[in-house]
Amino acid sequence: MKYWRETIAVTQRILIELLRRRRSLIFWSIFPISVLILGAFILAERAKLPINTAFEYTAPSTLVGAALFFSCLGGSVATVVAEREQQTLKRLFLSPLSGISYFLGIFLAHSCIGLGQTLLVYTVAAFWGATFKGSIFLGFIIILMSIAAYVGLGFILGTQLARRIEDVNALVAAFGVPLLILGGAFLPSSLFPKSLIKIAQYNPIYHMNEAFVGVSTNGKHIGDIAPHFWFLVVFTLVMIIGGWLSYRRMLLVERRL
């Protein structure tokens, strides 16, 4: 119960701070809606698809490939870097708050943001007649794993590579944009040449995208998306462990400063 109360307290603090600033939440709302609408109308025109079908194909890619990437990965990097700059970690050492509660609190806060974006994207898609074809439970599991992987990676990048808040945008752009394009976030992977498909097999965003598109748009079951699903399971576990170890290393460094 102690860890649970502390985790909730950290989550509330981060969400309240975001609500006070508002700009980040507004941008994280505008961005996925813009990408979703533009992508769906372009796909409908070029592929000669009904508009509801175009939104069904575009919604899952927009969510896991674009929206969650910038809010959960970029947001967690920004949170970690900002907390270091504001000396929040120094105050953590003087309080009874445990390190694991702080780690879980940041994860839970960005999970709330990611789930909010999920509702937003699929509400807009439903307005144009799109439906979720597959298992909602399986889709929910894929979304949660994607959020966990992004947040874990955010801890690794935020603690190891970013030193100032100014580094965040350059870091996310340098690592993120090529991976998003190669992962099928903006262009369907069916348009990729075979050489890019081979390279994309090593891109976790590609597997997130393929798994979620398969469930959401094509109504596939876990057996149909098994290679993508299990790649995502392994990648998520590695990112969580890596994020936690990076966080612990950062705490040791901060204690010595």
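The values are calculated or read from the model by the stated rules, or taken from the named source; none is laboratory data. As the structure is a prediction and not an experimental result, all values here were calculated from the model. Quick reminder, even Gly has a Cβ in these numbers, built from the backbone with ideal geometry, and neighbours come from all protein chains shown. Each accessible area value is taken on the protein alone, full model and side chains, heavy atoms only, with ligands, DNA and RNA left out. Shrake-Rupley method; radii C 1.70, N 1.55, O 1.52, S 1.80 Å.
Remind me, relative contact order of segment 1-255 in percent, using alpha carbon pairs under 8 angstrom and six or more residues apart?
Numbers: 322 pairs, mean separation 71.7, N = 255.
In percent, rounded to a whole number, it is 28.
Taking amide hydrogens as modeled 1.01 Å from N in the peptide plane, which residues meet the under 5 Å criterion relative to K220, leaving out close sequence neighbours?
So K220 has HN proximity to V215.
Sorting M208, M239 by accessible area (1.4 Å probe), largest first, what list results?
On the way: M208 0, M239 25 Å².
Output order, biggest surface exposure first: M239, M208.
Just how large is the dipole of segment 1-255 about the Cα centre, in debye to the nearest 20, putting +1 at every Lys and Arg Cβ and -1 at every Asp and Glu Cβ? It would help to have the intermediate numbers written out before the result.
On the way: 21 positive and 11 negative charges, 104 e Å.
Its charge dipole is roughly 500 debye.
Given the rule -39500 (n - 2.57) for each run of at least 4 DSSP H residues, summed and divided by the residues of the chain, what is its mean residue ellipticity at 222 nm, to the nearest 500 deg cm²/dmol?
Numbers: 11 runs with 195 residues, N = 257.
When only DSSP H runs of four or more count, the value is -25500 deg cm²/dmol.
Distance in nm between label sites at L179 and L252, each 7 Å beyond Cα in the beta-carbon direction?
About 2.5 nm separates the two model spin labels.
If you average the sequence gap of Cα pairs under 8 Å that are 6 or more apart and divide by the length of segment 1-152, what percent do you get for the contact order? Intermediate values should be presented prior to the final figure.
On the way: 129 pairs, mean separation 59.3, N = 152.
Rounded, it is 39 percent for segment 1-152.
Farthest toward the dipole's positive end in the chain, which of T62, M250, T11, given Cβ charges of +1 (Lys, Arg) and -1 (Asp, Glu) about the Cα centre?
Going by the charge dipole, the pick is M250.
Quick one: what do you get for segment 1-50 if you divide its Cα Rg by 2.2 N^0.38 Å? Please report the intermediate quantities before stating the final value.
On the way: Rg = 18.7 Å, N = 50, 2.2 N^0.38 = 9.7 Å.
Here the answer is 1.92, to two decimals.
With label points built 7 Å along Cα→Cβ from the Cα atoms of F137 and L38, find their separation and express it in nm.
Rounded to a tenth, the inter-label distance reads 3.8 nm.
Nearest 0.05, what FRET efficiency do L187 and A82 give at R0 = 30 Å with Cβ-Cβ as r? Present the calculation step by step, with values, prior to reporting the outcome.
Values: r = 33 Å, r/R0 = 1.10.
It comes out at approximately 0.35.
Ignoring any ligand, DNA or RNA, what whole percent of the accessible area of segment 1-255 comes from carbon and sulfur when the probe is 1.4 angstrom? Numbers along the way, then the final one.
On the way: 8820 of 12610 Å².
Taking all protein chains in place, segment 1-255 shows 70 percent carbon and sulfur surface.
Show R21, R13 ordered by accessible area, largest first, where the area counts protein heavy atoms only and the probe is 1.4 Å.
Order by accessible area, largest first: R21, R13.
Under 27 Å Cα-Cα from K2, which lysines qualify once same-chain neighbours fewer than 8 residues away are excluded?
Qualifying lysines at Cα under 27 Å: K90.
List the lysines whose Cα sits under 16 Å from the Cα of K220, skipping any in the same chain fewer than 8 residues away.
Straight-line reach from K220, under 16 Å: K133.
If you keep only loop residues by DSSP, which chymotrypsin sites (Phe, Trp or Tyr not before Pro) in segment 183-232 have at most 12 other Cβ atoms within 10 Å of their Cβ? Can you show the working numbers first?
On the way: sites: F186, Y202, Y206, F212, F229, W230, F231; in loops: F186, Y202.
Of the chymotrypsin sites (Phe, Trp or Tyr not before Pro), the ones in loops of segment 183-232 whose Cβ has at most 12 other Cβ atoms within 10 Å are Y202.
Please report the orientation-averaged projected area of the chain, defined via the convex hull of its C-alpha atoms, in nm². Walk me through the intermediate numbers first.
Details: hull surface 55.9 nm².
Across all orientations, the chain yields a mean hull projection of 14.0 nm².
Return the distance in nm (one decimal) between the two label points of a simple spin-label model at N52 and A170, each offset 7 Å from Cα along Cα→Cβ.
4.9 nm
From the residues F103, I113, L196, which one has its Cα farthest along the dipole of the chain in the positive direction, the dipole being from +1 and -1 charges on Cβ of Lys/Arg and Asp/Glu about the Cα centre?
Farthest towards the positive end: F103.
With every protein chain left in place, what is the accessible area per residue of the chain in square angstrom, probe 1.4 Å? All intermediate terms of the calculation are to be shown ahead of the outcome.
Working: 12930 Å² over 257 residues.
Ligands and nucleic acids excluded, the result is 50 Å² per residue.
What FRET efficiency do you get for N218 and I26 if R0 is 30 Å and r is their Cβ-Cβ distance, rounded to the nearest 0.05?
On the way: r = 33 Å, r/R0 = 1.10.
The value I calculate is 0.35.
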